[in-house]
Structure formats: structure tokens, C-alpha cells
Amino acid sequence: METDTLMVAERKCKDCGKILGPGREDRQYCDSACRTNYNNRRRKESQNSIEEVNEPAQLSVPDYITRIQEIQLNNRRILEGLCSEEKAGRIRTRDLIGKGFNIKFMTSEAEPTESGKIYRFCFEYGYHLEDNGFALIICRKREVV
């Protein structure tokens, strides 16, 4: 008489790979040390993959130029909303930056005024960062028509 053998898959620890002995059917680790080690390793791998995604990619020259133009146009748009040709505007520097203004990018810098102020321009809109934490925003007549 032949006996039917029932094939039972041997369960292995997710961390060390050892065969799990008797115990709960849903058990996945040998002990708490293996469980902790597995989860720590998984968390570290996940963090490394997130860091790789967040690394800035090297832009090609045309893309680099396009990105700078986008920043300058955004700066111009922000300044345009803060003053008019007839009236200068004033805003806290931190609020200007909070609107997305990037002070690293400009199109020109004017000669110092008689009082020594230096205005940086994004096209026809300029700004001067005052010592008191404010920025003075002006609009000059367009030089190119």
C-alpha cells in the first residue's frame, strides 16, 4: 500500500534564511533580533533609494540656460506684482524670498546711486536690499522696444 506524502513548504527566516521550526504558521523570523535586523536593513535601503532620487541630475547646456531663464522670468513676474512704473514698492526681504524670488539670479546691476544704493534688475524691474530687512522695488523705463 502506497502512502501519499503531503509536501509542506519549508518556511525560512526573512533575515538569515534558516528554516523556521515549529510555531505559528505566519511566523517570518527566527527571533526578534532577526526581525529587527531585517527591518533596519530594509529601512536603510529605502532611505538610500530616496536619496538617489533626490540627487539633482546634471542638466545639458540648453536645459541649464532654459532653467536660468525660467528663474529670471519668475523673478520678474514677482517684482512686477510689487510695484508699478509710477510707484515703487516695498516688501520684507524674507517675504520676497517666500514668494519664490531667487536673489542669485538677475539680468543686470546698475551703477550705485548718489546715496550708494545698488539696484539689481530682472529685466526692467529692480530691487535694492535695505539694511533694515526690507527690499525696495522699482521699475525703470524699458531700454529695448
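Data table
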{"read-out": "Residue in the range 3-22 that is of a type in the set (Asp, Glu), part of a loop (DSSP other than H, G, I, E, B), at pLDDT below 90 and over 41 Å from the mean Cα position of the chain (by Cα) present", "value": "yes"}
{"read-out": "Selected residue (only one of 97, 118 is surrounded by 10 or more Cβ atoms within 10 Å (Cβ to Cβ), part of a loop (DSSP other than H, G, I, E, B) and not basic (Lys, Arg))", "value": "118"}
{"read-out": "Scope the range 102-118; condition over 22 Å from residue 68 (Cα atoms) and in contact with a strand residue (DSSP E or B) (Cβ under 6 Å, 6 or more places away or on another chain); matching residues", "value": "117"}
{"read-out": "Criterion violated by residue 30 - all others in (1) farther than 30 Å from residue 141 by Cα; (2) surrounded by fewer than 11 Cβ atoms within 10 Å (Cβ to Cβ) satisfied", "value": "(2)"}
{"read-out": "Matching option when the condition is at pLDDT 90 or above and either closer than 30 Å to residue 134 by Cβ or of a type outside the set (Ser, Thr, Tyr) (or both), among 90, 43", "value": "90"}
{"read-out": "Residue check, residue 41 in a helix (DSSP H, G or I) and not assigned by TED's automatic domain parsing to the domain that holds residue 15", "value": "no"}
{"read-out": "Index of the failed condition, residue 104 passing every other in (1) within 18 Å of the chain's Cα centre (by Cα); (2) of a type outside the set (Phe, Trp, Tyr); (3) surrounded by 12 or more Cβ atoms within 10 Å (Cβ to Cβ)", "value": "(3)"}
{"read-out": "Residue within the range 49-69 that is assigned to a helix (DSSP H, G or I), at pLDDT below 85 and polar (S, T, N, Q) present", "value": "yes"}
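The values are calculated or read from the model by the stated rules, or taken from the named source; none is laboratory data. Just so you know, these numbers come straight off a predicted model, no measurement behind them. Cβ atoms come from the backbone with ideal geometry, glycine included; neighbour counts cover every protein chain shown.
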